[in-house]
Protein chains: 2
Amino acid sequence: MALVKNLSILGSTGSIGQSTLELVKRHPDRFKIVGLAAGRNIKLLMEQIEEFKPRVVSVLNEDDRRVLKREIPGDIECLHGVEGARNVAVIDEANIVVSAFVGAPGLTPTLSAIKAGKDVALANKEVLVMAGRIVMEEVKKNGVRILPVDSEHSAIFQSIEGHRREDIRKVILTASGGPFLYMPRDKVREVTPEEAMAHPNWKMGKKISIDSATLMNKGLEVIEARWLFDIQPYRIAVYIHPQSIVHSMVEYIDGSMMAQMGTADMKGPIAYALSYPERMDSGIIPLDLCGIGRLEFMEPDIDRFPCLRLAFDAIKEGGTMTTVMNAVDEVAVEAFLRREISLTDIPVVIDAVMQIHDIRKDSSLEDILDADRWARDTAFEMIKSRHRVL
Amino acid sequence: MALVKNLSILGSTGSIGQSTLELVKRHPDRFKIVGLAAGRNIKLLMEQIEEFKPRVVSVLNEDDRRVLKREIPGDIECLHGVEGARNVAVIDEANIVVSAFVGAPGLTPTLSAIKAGKDVALANKEVLVMAGRIVMEEVKKNGVRILPVDSEHSAIFQSIEGHRREDIRKVILTASGGPFLYMPRDKVREVTPEEAMAHPNWKMGKKISIDSATLMNKGLEVIEARWLFDIQPYRIAVYIHPQSIVHSMVEYIDGSMMAQMGTADMKGPIAYALSYPERMDSGIIPLDLCGIGRLEFMEPDIDRFPCLRLAFDAIKEGGTMTTVMNAVDEVAVEAFLRREISLTDIPVVIDAVMQIHDIRKDSSLEDILDADRWARDTAFEMIKSRHRVL
């Protein structure tokens, strides 16, 4: 039996956080929860605190912290804000930090976890999209591991394990194509947030569901893969695979391709990240390939999904450009969810802001956070003023 | 750069032997040929001797040996028969023996190679079908490796590499289903050897092509996998996969499935076996999954392919039963190629001989060779006398 691993979870009330806790519940002999950081879902957090008895918890706001503090045992440290999340990330006894905040707020606490020598189970892809170079330098310097929790990166990780990195010819990320893969393009312009959130295969949070509909999610994953596996963008390809069964593939120099497959359930990659280098029962329904019958693969239509092209452009440009792309996407998705712009406006806004961004290369964390702020402000103004591109 | 590996090839003029030599030609800095053993194709063997300059060669018959001896340089040792092949297999300077004879004749020289401490690149699956327990005991005792050259077993090997054996839940071998997958069953009774040899995806020798049409090839592979990966038969499944792109798969306890894919070209598994643990360029056309478009999977129809059931029965019975099954299959395939019986008679003969075989468990090599002879004689007589089952 393996040693008990102590976990801190950043984003415990989100979709990944909840699945992580389900796995912990299934394997009480393997894991102990030491820290939980959440956003504003205090009700669910309280239930989690009662069940898993962490030593430190944190919420987004001071007000929520005060409410929470009154309700939970006095020996639990109760914090808030970025500093609170950072504290949850660096708890002494934590071995693995599950980084599952949505978007930019995860960067600082995740970096702190790495600097504190923690292995990171990374679901929060924006950490690498915003600051891949800096994060991977810290990973190396501190001798820690990033264990991917995205299904695609977990698939790549599993397809590389036991094989030599220098033998890799190509990494192929699969994309379901989202709910509008076959919809006429002028109809896509009119889709509602509700339609966009109805992902055909995966049950996920709002932001990632919209990003899956525009394929920006795949773009972010391309950038994530570039850093996580230290692989040049020209070696990364994206295939549309509507069944979401092959989670990704790695092609080697001998023409051999390794692929990882599974039911579309995030508990798969989470379980692998937590139990690595072992495996553990994840409670997932085993794959029934004969029942599914067929797996399809096609080249993505870049005209239909301009976000994918923008992501490849951003990673080739490098420096702060991926930070900017990510920041504008967050603002634009929010605006779409508020019905202020259409789904097809999202890449238009991103492109417009990227066009006027003055890249900083070899950027410091400060440069990155500056670029992030600038991009958000610029995108926000552009949307508010109904800039001519819209 | 890796050290130069010295190879002896058993079956150098066959399909696997020729592909192996193509790879050696492509990587002269990695490999040197020290021994070649062939059957009766003296003409091709002479060309190979001239090109690769082995130190020892062997042919099947004394007469052929005499002819060959006159034609090749005097410093090349020139042998014949089982003893000659055994000598090629144990050459001092050989690091890897490519075991690629067809059928039972490969067993003795392959066992000798293992006992002489050579790693074996195994294409000759009958070695494990006939004497899996004994062979794997010798592998263990001598600290050597068996590197699978079958595409399915190479796929499983690659899908296990880097993952823990104790985490395996299931091994799934894929089968193309052969040329008669969709043919009405009463028509299959009338197919000619020429039709049966026209495999849809793989270019192979005669025996294996017929075995692919009856799915006995898959049955032999199930038995091979049982020994090679020390996995119980109930954990082995077979899926029909007409495209022959996914070469096999391994399912783990967390529901994750690893698969190896590639163009249907035996140079893939040969290259992996020879370059392992590295990889090398194999000259294979890279897989174009989007061009292929779709991969299909179905449960095999055991009524249509009774050979598959016979193989599972044989491995469950154990002892000398798999030896008998294999021996009868060789005799029956020969009879089919001579147009003495129909394709659908093959499993009938095998079943009939298996029914009357008196199994020996914990069998010695002598028991196995006895059972092999008995099974061949019995099958031969049965076919000659048009036994009532036919």
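Three principal axis extents of the protein assembly as shown based on alpha-carbon atoms, in descending order, are 94, 51, 50 Å.
Looking only at other chains, what is the average number of their beta-carbon atoms within 10 angstrom of each beta-carbon in B:278-287? All intermediate terms of the calculation are to be shown ahead of the outcome.
Details: counts 6, 11, 4, 4, 5, 2, 3, 1, 9, 6.
Averaged over the peptide's residues, the number is 5.
Surface composition of the protein assembly as shown: carbon and sulfur make up 50 percent of the accessible area, probe 1.4 Å.
At a probe radius of 1.4 angstrom, the accessible area of chain A per residue rounds to 39 square angstrom. Summed over both chains, the accessible area lost when B and A associate is about 3700 Å², using a 1.4 Å probe. Over chain B, DSSP H runs of length four or greater, each weighted -39,500 (n - 2.57), average out per residue to a 222 nm ellipticity of -14000 deg cm²/dmol. With its label point put 7 Å out from Cα toward Cβ, A:ASN61 sits 9.4 nm from the same residue's point in the other copies, in order from shortest. Taking the alpha-carbon distance from B:LYS384 and a cut-off under 19 Å, which aspartates and glutamates remain once sequence neighbours fewer than 8 residues away in the same chain are dropped? Once the sequence-local aspartates and glutamates are set aside, what remains near B:LYS384 is B:ASP329, B:GLU330, B:GLU334, B:GLU340, B:ASP345, B:ASP351, B:ASP372.
Dipole size of the protein assembly as shown about its Cα centre, with +1 on Lys/Arg Cβ and -1 on Asp/Glu Cβ: approximately 200 debye, rounded to the nearest 20. Near B:GLU366, once Lys and Arg are set to +1 and Asp and Glu to -1 for all other residues with Cβ below 13 Å from its Cβ, the sum equals -2.
Annotation for B:GLU47, label-to-label distances across the other copies: 7.3 nm (shortest first, one decimal, point 7 Å from Cα along Cα→Cβ). Each Cα pair under 8 Å and six or more residues apart adds its separation to the average, and for chain B the resulting relative contact order is 14 percent.
Database remark: amide H of B:TYR239 closer than 5 angstrom to the amide H of B:LEU173, B:THR174, B:ALA175 (H placed geometrically; neighbours at sequence offset of 5 or more, or on other chains; Pro and chain starts carry no H). Using θ = phi - 60° in the Karplus curve 6.51 cos²θ - 1.76 cosθ + 1.60, the 3J(HN,Hα) couplings for segment B:357-371 round to 7, 9, 4, 10, 8, 6, 6, 7, 4, 5, 4, 5, 5, 4, 4 Hz; x is entered for Gly and Pro.
Between segment B:246-302 and segment A:121-172, what's the alpha-carbon centroid distance in Å? About 24 Å separates the Cα centre of segment B:246-302 from the one of segment A:121-172.
Between A:ASP303 and B:GLU190, the simple spin-label model (points 7 angstrom out along Cα→Cβ) gives 5.2 nm. The eigenvalues of the Cα gyration tensor, multiplied by 5 and square-rooted, give segment B:5-148 an equivalent ellipsoid with semi-axes of 23, 16, 13 Å from largest to smallest. For segment A:318-390, relative contact order (Cα pairs under 8 Å, six or more residues apart, normalised by length) works out to 48 percent. With label points set 7 Å from Cα along Cα→Cβ, the inter-copy distances at B:ASP186 are 5.7 nm, sorted shortest first. Exceedance of the 24 Å cut-off in Cα-Cα distance is limited, within the set A:LYS53/A:LYS267; B:LYS5/B:LYS203; A:LYS32/A:LYS206; B:LYS25/B:LYS53; A:LYS170/A:LYS218, to B:LYS5/B:LYS203; A:LYS32/A:LYS206. Residue farthest toward the positive end of the dipole of segment A:5-148, with Cβ of Lys/Arg at +1 and Asp/Glu at -1: which of A:LEU147, A:ILE9, A:THR20? Result: A:LEU147.
Setting aside same-chain residues fewer than 8 positions from A:LYS141, which lysines have a Cα under 21 Å from its Cα? The reachable lysines, counting only those whose Cα sits under 21 Å from A:LYS141, are A:LYS115, A:LYS118, A:LYS125, A:LYS361.
Taken over the Cα atoms of chain B, the convex hull encloses 142 Å³ per residue. Applied to segment B:29-42, the Karplus parametrisation 6.51 cos²θ - 1.76 cosθ + 1.60 on θ = phi - 60° returns per-residue 3J(HN,Hα) values of 7, 9, 10, 10, 8, 10, x, 9, 10, 10, x, 10, 7, 5 Hz, with x for Gly and Pro. Think of each Lys and Arg Cβ as +1 and each Asp and Glu Cβ as -1; about the Cα centre, that makes the dipole of chain B roughly 260 debye.
The values are calculated or read from the model by the stated rules, or taken from the named source; none is laboratory data. These numbers were taken from a predicted model, which means no experiment stands behind them. Counting neighbours? That spans all protein chains shown, and the Cβs are built from the backbone with ideal geometry, glycine included. The area values use the complete protein model at the heavy-atom level, side chains included, leaving out ligands, DNA and RNA. Shrake-Rupley method; radii C 1.70, N 1.55, O 1.52, S 1.80 Å.
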